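Down below is the structure, laid out as structure tokens.
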Amino acid sequence: ICFVILALMIIFLLIDRFPISVPVFGASTTLAITGVITFKELFKGFSSNTIMLIIGTMIIGESLFRTGAANFLGNKIIGLTGNNERMLLIIAVAFAGLMSAFVSNSATVAMMIPLVRSVCVRSDGTMYSKNIVMPVGIASIVGGGCTLIGSTPQLIAQSLFEDIGLRKFTFFEIGQ
């Protein structure tokens, strides 16, 4: 039953006629209705502090885009670097590393890559995004690994430790 439901969910995701939430929640609900999991297990994730923290970091990341803060930061970076590729690399890597420690590193990369690419396009061939995008991605991963909320795996580990009765991490403990 589980494999049939999983296969159907994958097919619906590949067809892409519905929002992602429809096949995912539909599969979850079908698992509970067929008795593969209990309804208590179905809704257990919504009571998790980890899930709520992940949702919160996604909201913060999205708010940076919607409020124009990401665009503002991009313009500041352009103002600081001019058409100097090395300076853009240093500033973009430092900014991505620092930001990803406090906002989801995935959200940071999602914000920085278009920003870096647009700066490079505006440079009229003096800067190339291929030289900057990978270091920015690596800096985001490293920065995200410095704090408890910088990356989802830390939050999942925290939740698992909490479930088995181990002590919680402090905010900066992972980066020490």
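How many residues are modelled with pLDDT under 80 and over 25 Å from Ser47 (Cα atoms) if we restrict to region 123-176?
5
Say whether the condition of being within 30 Å of Val4 (Cα to Cα) and under 18 Å from the mean Cα position of the chain (by Cα) is met by at least one residue in region 54-76. Walk me through it before giving the result.
Taking region 54-76 as the starting set, the residues that turn out to be within 30 Å of Val4 (Cα to Cα) are 54-55.
Adding the requirement that they be under 18 Å from the mean Cα position of the chain (by Cα) leaves 54-55.
Within region 54-76, one or more residues are within 30 Å of Val4 (Cα to Cα) and under 18 Å from the mean Cα position of the chain (by Cα).
Mind listing just one residue for me: the one in region 25-50 that is within 22 Å of Ser159 (Cα to Cα) and in contact (Cβ under 8 Å) with a residue 12 or more places away in the chain and, of those, surrounded by the fewest Cβ atoms within 10 Å (Cβ to Cβ)?
Restricting to residues being within 22 Å of Ser159 (Cα to Cα) and in contact (Cβ under 8 Å) with a residue 12 or more places away in the chain, the top hit is Asn49.
The values are calculated or read from the model by the stated rules, or taken from the named source; none is laboratory data. Everything quoted here is computed from the prediction, not taken from an experiment. We place every Cβ from the backbone using ideal geometry, glycine too, and count neighbours over all the protein chains shown.
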